[in-house]
Amino acid sequence: MTHVEHVAARAGRTVAWPAWVHDDVLTAYTKNGILKPWEHQANAATMAHDGLHVVLATGTGSGKSLGYQLPALSRLMSDDRATALYLSPTKALAADQLRAVAGLDLDGVRPATYDGDTPRAEREWIRQHSRFVLTNPDMLHHAILPGHTRWTTFLRRLAYVVVDECHAYRGVFGSHVAHVLRRLRRAAARYGASPTFVLASATSGDPADAASRLTGLQVNAVVDDASPRGAVTFALWEPPLDASLSPPVRTSALSETADLLASAILDDTRTLAFVRSRKAAELIATMARGRLNAAVPGLGRRVAAYRGGYLREDRRALEQALLSGDLLGLASTNALELGVDLVGLDAVLMCGYPGTRASMWQQAGRAGRAGGDALVVLIARDDPLDMYVVHHPSALFGRPVEATVLDPSNPYVLGPQLCSAAAEAALTFDDLAMFGPAAAGAAEALAASGALRKRPTGYYWTQRGTPDVDLRGTGGPPVEVVEAATGKLLGTVDRASAHAMLHPGAVHLHQGFSFIVDELDLDDGVALVHAADPPYSTHPRDITDISVVAVRSYVDAGPIGLFLGDVDVTNQVVSFQRRSIRTGEVIDTTPLDLPARDLRTVAVWFTISSRELSRAGVAPGDVPGALHAAEHAAIGLLPLIATCDRWDIGGLSTAGHPDTEAPTVFVYDGQAGGAGFAERAYGTAAAWLAATRDAISACGCEAGCPSCIQSPKCGNNNSPLDKPGAVSVLSAVLRRLP
Ligand SMILES: [Zn+2]
Ligand SMILES: [Zn+2]
């Protein structure tokens, strides 16, 4: 155990209902058992009532919905023409909200969901009569905005736009949604409305900035959570290295989690263990069962595996068994994160860091019966980010969760979105300002390429139909994942990730179920898969070439240079490894025959002069290994400062690059045009590289391991890698960097 953090219990702070709340709304809430609002709810609601755009960013279960329901519903009740639009990233959440608002039974509000499942026959009625419409950004993009003339009445009266779970809008998807919201503002303005935006977010770093980027408006943040919670004891756990083996091998996180689960059950502690895949959940349950039966015959039946995809009745039965105490332990995929209501737990085990502090707290929030005290244990996997966080508790505790990163100026997002906007209504020169400083140049380029037609009054979409724009990618339509035996469409993966995630032989996880990819057809955009439960996971490996196109910004620190710029990347996924889920050991490596992918994207890179390297004690022969090790660890640690994972980003290191003419380490966004991650890394380079250096030097291994400098996706067999060299390079960079 590397650390124990005690998170104190917090008493709730209620306040009186704001005076402006409509009587009927107040009565409805009181009838539903809400006697007084928490302070943060009232603060956000009052700001929104006053017409200020506001984001409410507080913890799970802190009642964020009241923050937007109060102002929106009060307005709807006091002005019988006003309307409100509610947006959520998932249909399930919209359905929950519909139930909540309908349950208040307010006259004349007529809440209704409007999504792909809404029958045609009901759509006209909703457009004309519903005053609280619940939908999602995809529907707004594909149906509502292109058909805005049918929504004239609704848009003219639009008083509030609610953007729920707005932290979900990150990366390229978030950048697209940012423009969809600008198009919504433009459409509303066309009919004379300028709605107030109310956003709800998980706790996140700088929510006001993220919300302002998302909406293009000045947004105020309310972050002081006044809801009550029990005390939490939070332990960090590092599986030991088995020194009897050479080289020493770390005990797998899975086996440690199973041990802890068994111990907890022996102690009569109701415990939930989170893992990544259904296979892993079943392995943990099986291992824990064996250990329990060995200790107390028969006790093993009180632990089970749980996953998404179970029938509703099966899930209810498991939940009931846990509630009654028949079941004491459950191993689950994070399907539970998606809103299944599970109460009555004392402890949560996390097999591996969930990747962001936001999801970590969300999972931890499952523990604590009826607001009682709770135990949470995070068990590190053999991975640099996991090892870093268990040795640096300050990276997890007492600091805000990650900032939500998005970049609306991505040209691969901006161009298509301007076409969509022009197809809805001619894009005037004044309109362009709303879409950001890059919009004027982008519109000009679209006119030059013939996509838009320029006239004295603005830019026009003159083609038949609407532009085909996918909100979730930049590289063409997404690849469809289809189960070969049944022809069932399981889901889609964006083009940029298809090579790495859907190569032949890849294990593809879908709602906790595992599938193996049989065939990837890039021309037709289809991957055929079959259901399977392999005892291994797959890890693609790639090789990369980079050339610098333009430097956007740089820091000149003498022998050190730090740059942000546009680059051309050629990336090829060349092989994949199979690794045992139980032990993490590599089983084999299989070559792949996939085409190279060219992308223009955004990178952050640093250079260090050869003389500075030798001053730092790195011998010329060790330079490639030192830079390569620093690159791997830097990619592994980037999720610490941006809401990405290591598969969203790539890297390259070289002892001499033709464009920089110096030893260089590049880290780039894996999506065409960039997703904002490299930009974030550039903006916080000193903190990012310091964490990288500390992660390497704190690792107990001798010459590098998966916990520090080895990368599962390296195309060079993790060779050469120089652990002390990487620490020297990063220290030299940090000494100079402001
Ligand atoms: Zn190590
Ligand atoms: Zn590598």
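The table below lists the values:
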{"read-out": "In Å, descending, principal axis extents of the Cα set of the stretch 564-628", "value": "43, 33, 19"}
{"read-out": "Ellipsoid equivalent to the stretch 592-724 - semi-axes via the Cα gyration tensor, in Å", "value": "22, 17, 16"}
{"read-out": "Pairs of alpha carbons in the stretch 56-105 whose separation is greater than 19 Å (percent)", "value": "29 percent"}
{"read-out": "P(r) histogram, all alpha-carbon pairs of the stretch 524-664 included - 5 Å bins from 0, percent", "value": "2, 8, 13, 17, 19, 15, 11, 7, 5, 2, 1, 0"}
{"read-out": "Cysteines not pairable in the chain (beta carbon separation under 4.7 Å absent)", "value": "166, 351, 419, 644, 714"}
{"read-out": "Residues 590, 601 arranged by fewest to most Cβ contacts within 10 Å", "value": "590, 601"}
{"read-out": "Projected label distance in nm at residue 266 and residue 36, using a 7 Å step from Cα toward the beta-carbon", "value": "4.7 nm"}
{"read-out": "Residues 497, 88, 194 arranged by fewest to most Cβ contacts within 10 Å", "value": "194, 497, 88"}
{"read-out": "Within the chain, helix-based [θ] at 222 nm, where runs of 4 or more DSSP H residues each add -39,500 (n - 2.57), nearest 500", "value": "-10000 deg cm²/dmol"}
{"read-out": "Semi-axes of the equivalent ellipsoid for the stretch 1-142, Cα gyration tensor, largest first, Å", "value": "29, 21, 13"}
{"read-out": "Among 383-393, 617-627, the order from most to least packed when residues are scored by Cβ within 10 Å on average", "value": "383-393, 617-627"}
{"read-out": "Whole-number D in µm² s⁻¹ for the stretch 132-222, Kirkwood Cα-pair radius fed into Stokes-Einstein, 10 °C, 1.306 mPa s", "value": "118 µm²/s"}
{"read-out": "Length gained when the stretch residue 150-residue 4 is fully extended (0.36 nm per residue, less Cα-Cα span)", "value": "46.8 nm"}
{"read-out": "Within the chain, longest stretch free of exposed trypsin sites (Lys or Arg not before Pro) [DSSP loop, at most 11 other beta carbons within 10 Å]", "value": "82-463"}
{"read-out": "Alpha-carbon centroids, the stretch 1-48 and the stretch 435-459: separation in whole Å", "value": "47 Å"}
{"read-out": "Net charge contributed by nearby residues that have their C-beta within less than 12 Å of residue 421 (K/R +1, D/E -1)", "value": "+3"}
{"read-out": "Contour minus Cα-Cα distance for residue 568 and residue 731 (0.36 nm per residue)", "value": "55.8 nm"}
{"read-out": "The stretch 63-132 and the stretch 167-203: distance between their alpha carbon centers, rounded to Å", "value": "17 Å"}
{"read-out": "Distance between modelled label sites at residue 79 and residue 13, nm, 7 Å Cα→Cβ extension", "value": "3.1 nm"}
{"read-out": "Share antiparallel - DSSP beta bridges, the chain, percent rounded to 5", "value": "60 percent"}
{"read-out": "Inter-part distance where the stretch 364-407 and the stretch 478-546 are each reduced to a Cα centre, Å", "value": "30 Å"}
{"read-out": "Estimated vicinal HN-Hα couplings, Hz - the stretch 210-225 in sequence order (Karplus 6.51, -1.76, 1.60; Gly, Pro = x)", "value": "4, 5, 5, 5, 5, 9, x, 10, 6, 10, 8, 10, 10, 10, 7, 6"}
{"read-out": "Relative frequency of Cα-Cα separations exceeding 50 Å in the chain, percent", "value": "15 percent"}
{"read-out": "Computed P(r) (all Cα pairs; the stretch 223-285; 5 Å bins; percent)", "value": "4, 13, 17, 19, 16, 13, 9, 6, 2, 2, 0"}
{"read-out": "Global geometry of the stretch 7-88, whether rounded, prolate or oblate, following the gyration tensor of its Cα atoms and the 1.5 cut on a/c", "value": "prolate"}
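Computed from the coordinates by the stated procedures, all read-outs in this text should not be read as laboratory data. Keep in mind that this is a model prediction, so the values were computed, not measured. Every residue, glycine among them, receives a Cβ derived from its backbone with ideal geometry; neighbour counts consider all protein chains shown.
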